[in-house]
């Protein structure tokens, strides 16, 4: 029989662990109170003494001490009783540096003096050092999407010294991107995203090579593009491209660093079929297109993509440096409103058609068709903004129904319109007249088209969708209308 633990488990953060040589995987320290345990700890590892205790012998106030996630300052401080079943965690205050233990003579490397100075904080990390920095310089990382997720990831990967960064994006910068896509400036509006991102990355770090792929990723070009890179970051905002990236990474045996956001929430994981599940193991098939609002429809707090994108960059750097525990087989859920995180275990599915025991898909497919968006939905009756403006001036104007959300309505709406959010429309049909003309509108025309199809199915006859939505109205009828 194995011996019972002689004391509570003690967990040290990386900056304190680096002070201890040959630290055991599980650190058990004897003691009946927190103070007794900490004294025993520094007795075993004297290098920790002045980091844990002040010269007077008191536990330093710059160190947060937790017992089972409870702060001992709100219990009995050092006198807090502990048992072998408890867990003590030390969390020192950080200022962007690391505690000093010893200086090490740097090994010979090909880093230039300017690179050594630029990456000096990396070189001080035993997990990186010059060998790790050289590994980053030789690395090739692809960002699929240079938007809310790709923008912060590109900046931090460039700052870290990743030698080659590829950018896949066929879009141009729009003013509404600037709320979250920190690669771009007001003067970037209307310009190619990859060109502007390349300019900004090179300005940040001239040692970095940027490769622009000013295209939309497809089944025809994905394998050709992705095979040039070591790690792929998925910064996409649609399911067809997300499944395409996953499948291409599985076929090419490359890690896929996944991130997604919605409103105040985010998800992060690393899919690497060589060592764990792929994205299809987590979600074998996408949700119906009509149940997936875009950021333009659902909104997103601007900092949330920043948090997720930086987390993705962190995972990519861990993979390249071969340090830490990547999020393989784990899905991290972030909720910024509650300030909480949750981790969900993801298992490899032996029946997965791409990475399972007997794969049935050995190449790329038609991903829009797989996600149910290749065939256009039935057309609906439309009215253009100019024609609607004329009809609104007649003696029998149409009833206007706004199917956006209340927050959008508060920014701008058409006069005398009724707010009926799309999600509530089916329950409020009785409030709409069937004997009058009805015009439904949203921001761009997608939601209003769906709403018109519903109304037509429920017996409404004189119903149309405003072509281009309220954006088109602002373009052609009322240029002073607020835009978002």
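When 66, 125 are checked against the criterion of being at pLDDT 90 or above, surrounded by 13 or more Cβ atoms within 10 Å (Cβ to Cβ), in a loop (DSSP other than H, G, I, E, B) and under 31 Å from the mean Cα position of the chain (by Cα), 125 stands alone in meeting it. Of the residues contained in the range 185-192, none is found to be in the same structural domain as residue 224 (by TED's automatic domain parsing) and within 21 Å of residue 261 (Cα to Cα).
Of all residues in the range 183-213, those satisfying the criterion of being part of a loop (DSSP other than H, G, I, E, B) and under 27 Å from residue 135 (Cα atoms) are 183, 205, 206, 207, 208.
May I ask you to verify whether residue 282 is more than 27 Å from residue 176 (Cβ to Cβ), at pLDDT 95 or above and surrounded by 18 or more Cβ atoms within 10 Å (Cβ to Cβ)? For residue 282, the condition - more than 27 Å from residue 176 (Cβ to Cβ), at pLDDT 95 or above and surrounded by 18 or more Cβ atoms within 10 Å (Cβ to Cβ) - is not met. In the range 455-463, the count of residues that are crowded, with 16+ Cβ neighbours inside 10 Å and under 32 Å from the mean Cα position of the chain (by Cα) is zero. Restricting 323, 401, 354 to residues that are touching a strand residue (DSSP E or B) at 6+ places or on another chain (Cβ under 9 Å) and either surrounded by 14 or more Cβ atoms within 10 Å (Cβ to Cβ) or over 21 Å from residue 446 (Cα atoms) (or both) narrows the list to 401.
Quick one: is residue 244 assigned by TED's automatic domain parsing to the domain that holds residue 353 and in contact with a helix residue (DSSP H, G or I) (Cβ under 6 Å, 6 or more places away or on another chain)? Yes, satisfied.
When each of 155, 143 is tested for being in the same structural domain as residue 234 (by TED's automatic domain parsing), part of a helix (DSSP H, G or I), at pLDDT 95 or above and buried (at least 20 other Cβ atoms within 10 Å of the Cβ), the lone residue that passes is 155. Based on what the data block shows, is residue 78 modelled with pLDDT under 90 and either assigned by TED's automatic domain parsing to the domain that holds residue 16 or touching a helix residue (DSSP H, G or I) at 6+ places or on another chain (Cβ under 6 Å) (or both)? Considered against the rule, which asks whether it is modelled with pLDDT under 90 and either assigned by TED's automatic domain parsing to the domain that holds residue 16 or touching a helix residue (DSSP H, G or I) at 6+ places or on another chain (Cβ under 6 Å) (or both), residue 78 comes out as no. Restricting the range 251-265 to residues that are modelled with pLDDT of 95 or more and surrounded by 23 or more Cβ atoms within 10 Å (Cβ to Cβ), the residue that is farthest from residue 320 (Cα to Cα) is 259.
Just one residue in the set 457, 471 is in the same structural domain as residue 392 (by TED's automatic domain parsing) and either modelled with pLDDT of 90 or more or touching a strand residue (DSSP E or B) at 6+ places or on another chain (Cβ under 6 Å) (or both); that residue is 471. The residues of the range 436-459 that are assigned to a loop (DSSP other than H, G, I, E, B) and under 17 Å from residue 397 (Cα atoms), listed by number, are 436, 437. On the stretch given as the range 217-232, residues that are modelled with pLDDT under 95 and within 18 Å of residue 151 (Cβ to Cβ) total 1.
Matching residues to (1) modelled with pLDDT of 95 or more; (2) assigned by TED's automatic domain parsing to the domain that holds residue 263; (3) touching a strand residue (DSSP E or B) at 6+ places or on another chain (Cβ under 8 Å); (4) part of a loop (DSSP other than H, G, I, E, B):
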{"site": "388", "(1), (2), (3), (4)": "yes, no, yes, no"}
{"site": "407", "(1), (2), (3), (4)": "no, no, no, no"}
{"site": "414", "(1), (2), (3), (4)": "yes, no, yes, yes"}
{"site": "424", "(1), (2), (3), (4)": "no, no, no, no"}
{"site": "434", "(1), (2), (3), (4)": "no, no, no, yes"}
{"site": "461", "(1), (2), (3), (4)": "no, no, no, yes"}
{"site": "481", "(1), (2), (3), (4)": "no, no, no, yes"}
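The values are calculated or read from the model by the stated rules, or taken from the named source; none is laboratory data. Model, not experiment: these values are computed from the prediction. With ideal geometry, Cβ positions are generated from the backbone for all residues, glycine too; neighbour counts draw on all protein chains shown.
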